[in-house]
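For reference, the structure is listed below as structure tokens.
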Ligand code: NDP
């Protein structure tokens with residue numbers, strides 16, 4: 001990072017916790033590669049201070065921020081303008097300060113789609129997709145895939161009510177034709193795993209139900225694509241179970257990286273220097289691995 005001065009623009013990550021975040025590394029590598037006089041910092045915020053922190057972006061004339069768990073929905077009331085999709089899915093992960101007016105949007109869904117295409121360039125959204133989870137990230141992924149041409153979705157969630165709410169939203173606002181909603185427990189999960197070639201896992205923990213269904217003797221995951229949106233550990237228990245039955249697995253690093261590229265472009269108005277940003281991330285992860293921290 002070049003030396004900061006009175007003209008340095010600043011960007012933040014708002015969330016709690018944020019000390020694990022790789023976003024500062026990715027964005028600062030981008031600023032450096034393009035010679036932009038800007039800095040990106042992670043700011044842990046208490047829930048009671050969220051409004052003050054967001055309004056502080058205006059007071060400090062910050063360029064903007066990313067928003068992470070648990071505030072992606074809670075920030076919305078503090079914004080001056082929210083993009084249609086982010087409003088629909090009630091999730092904002094990027095705020096841009098447009099001359100004092102705070103504009104919120106979400107790059108999570110598009111980031112996931114870019115990660116998917118990078119991992120499987122020929123993937124066809126004509127096939128049904130299984131999405132496990134109905135939280136903020138699942139809503140972003142489902143909405144974007146449906147906008148991009150997905151016609152049939154299997155939606156599995158612990159709370160069926162939440163899955164049904166998401167299903168209604170998708171069928172009302174996107175071209176999605178069919179959405180099967182299923183609880184996490186029961187035979188439906190295995191049927192959905194069998195019916196779909198793309199499986200997106202968006203729970204914050206390893207669900208035993210999913211591990212068990214994947215590990216059933218007669219289940220064949222050959223050629224299936226299994227994305228866990230988490231990236232720490234690099235291989236989660238459900239990813240291991242999916243790989244064990246032949247699926248090709250990916251963690252959430254692709255999503256993290258690609259949502260960051262899109263946010264960077266919104267912040268700076270410039271194409272993100274993808275290669276340099278990726279190299280910085282790769283070097284960091286290699287070092288962490290060498291030192292046994294991941
Ligand atoms: P949310 O809190 O919005 O959603 C949580 C989901 O997990 C809900 O579907 C919830 O079900 C379910 N859930 C929570 N606890 C349990 C449990 N004990 N048993 C079964 N289901 C449970 O989280 P997000 O959607 O924001 O994030 C989900 C994951 O994706 C996180 O691990 C997050 O780190 C990761 N993520 C990664 C990103 C990246 O850049 N790689 C970006 C965004 C998210 P219910 O509705 O029943 O409560």
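The values are calculated or read from the model by the stated rules, or taken from the named source; none is laboratory data. Fair warning: this is a prediction, and the values are worked out from it, not measured in the lab. Cβ sites come from the backbone with ideal geometry, for glycine too, and all protein chains shown count toward neighbours.
Any residue at all in region 264-273 that's touching a strand residue (DSSP E or B) at 6+ places or on another chain (Cβ under 6 Å), within 14 Å of the ligand (Cβ to nearest atom) and closer than 20 Å to residue 21 by Cα?
Checking region 264-273: not a single residue is touching a strand residue (DSSP E or B) at 6+ places or on another chain (Cβ under 6 Å), within 14 Å of the ligand (Cβ to nearest atom) and closer than 20 Å to residue 21 by Cα.
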**Complete:** Of those in region 242-255 that are assigned to a helix (DSSP H, G or I) and surrounded by fewer than 22 Cβ atoms within 10 Å (Cβ to Cβ), the residue farthest from the ligand (Cβ to nearest atom) is 244
**Request:** Could you grab the pairs with beta carbons closer than 7 Å, sequence gap of 6+ or different chains, first residue in region 250-277 and touching a residue at least 60 places away in the same chain (Cβ under 8 Å), second one near the ligand (Cβ under 10 Å from one of its atoms) and part of a loop (DSSP other than H, G, I, E, B)?
**Result:** 255/229; 256/22; 256/231; 259/93; 259/107; 262/107; 263/107
**Asked** Of the residues that sit in region 187-217 and are away from the ligand (no atom under 16 Å from the Cβ), in a helix (DSSP H, G or I) and farther than 12 Å from residue 156 by Cα, which one is farthest from the chain's Cα centre (by Cα)?
**Response** 215
**Message:** Among the residues that make up region 47-54, is at least one of them at pLDDT 95 or above, crowded, with 22+ Cβ neighbours inside 10 Å, within 16 Å of the ligand (Cβ to nearest atom) and over 18 Å from the mean Cα position of the chain (by Cα)?
**Reply:** no
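Going by the structure shown, is residue 222 within 11 Å of the ligand (Cβ to nearest atom) and either in contact with a helix residue (DSSP H, G or I) (Cβ under 8 Å, 6 or more places away or on another chain) or not in a helix (DSSP H, G or I) (or both)? It would help to see each step written out before you state the result.
Working: within 11 Å of the ligand (Cβ to nearest atom): no; either in contact with a helix residue (DSSP H, G or I) (Cβ under 8 Å, 6 or more places away or on another chain) or not in a helix (DSSP H, G or I) (or both): yes.
No, not satisfied.
Could you count how many residues in region 80-95 are in contact with a strand residue (DSSP E or B) (Cβ under 6 Å, 6 or more places away or on another chain) and surrounded by 22 or more Cβ atoms within 10 Å (Cβ to Cβ)?
Step one: of region 80-95, the residues in contact with a strand residue (DSSP E or B) (Cβ under 6 Å, 6 or more places away or on another chain) are 80-83, 86, 92-95.
This time we only want the ones that are surrounded by 22 or more Cβ atoms within 10 Å (Cβ to Cβ), so: 86, 92-95.
Total satisfying the criteria: 5.
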**Asked** Within the set of pairs 6 or more residues apart or between chains, which connect a residue that is under 17 Å from residue 130 (Cα atoms) and touching a residue at least 40 places away in the same chain (Cβ under 8 Å) inside region 203-215 to a residue that is within 6 Å of the ligand (Cβ to nearest atom) and assigned to a helix (DSSP H, G or I) with Cβ atoms less than 9 Å apart?
**Response** 203/138
